[in-house]
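What follows is a set of notes on a single structure, which appears directly below.
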Amino acid sequence: MGREKSIILPKLQRLLKELGENMRLARLRRRFSAALVAERAGIAPNTLRAIERGNPRVSFGAYVNVLLCLGLEKDLSIIARDDELGRKLQDADLPTRARAPRTKSYGTSISNRR
């Protein structure tokens, strides 16, 4: 049995190509060789080449390792930070309580409650 081929939507393919190109430009601006970045990222030079071309079959971990080598790991925190659609869906589905929850009386001791 062969491996199942995943379907990559054109929009995702364009985004991966753009990401790969941006990573390649960042590497070149830093004047790092492909061999140096691949070694520091712990990947083969062919894998780095695939990343820079936006190949969707390369693992996310390999992309992250290259970003780390380029000093761009902080950009990962931007991903899905402000999920506007998710928040709207969450707010639309929030249940409302029929009544407020009971509160505990903390000012009285057990002997005073009798």
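Can you match Rg and Dmax of the Cα atoms in Å to one of these, (i) 25.2, 80; (ii) 12.9, 37; (iii) 13.9, 40, based on a calculation from the structure here?
It is the one labelled (i).
Which value at 222 nm does the chain reach when only helices count, each DSSP H run of 4 or more adding -39,500 (n - 2.57), with the total divided by all residues and rounded to the nearest 500 deg cm²/dmol?
-14500 deg cm²/dmol
Between Glu73 and Asp93, what FRET efficiency follows from the Cβ-Cβ distance if R0 is 30 Å, with the result rounded to 0.05?
Step by step, r from the Cβ atoms, then E = 0.30.
For a quick check, take a GNM of the chain with Cα springs below 10 Å and name the residue from Ala34, Ala50, Ala80 with the largest mean-square fluctuation.
Ala80
When the Karplus curve 6.51 cos²θ - 1.76 cosθ + 1.60 is applied with θ = phi - 60°, which whole-Hz ³J(HN,Hα) does each residue of segment 25-32 get, with x for Gly and Pro?
Each residue's phi maps through the Karplus curve to give 5, 4, 5, 5, 4, 7, 6, 8 Hz.
Let's see if you can work this out: charge +1 on each Lys and Arg Cβ, -1 on each Asp and Glu Cβ, no other charges. What is the dipole magnitude of the chain about its Cα centre, in debye to the nearest 20?
For the chain, the charge dipole is close to 440 debye.
Only the coordinates and a few stated rules stand behind these numbers; no lab work does. Remember, it's a predicted structure, so these values are computed and weren't measured experimentally. Every residue, glycine as well, gets a Cβ built from its backbone with ideal geometry; the counts of neighbours run over all protein chains shown.
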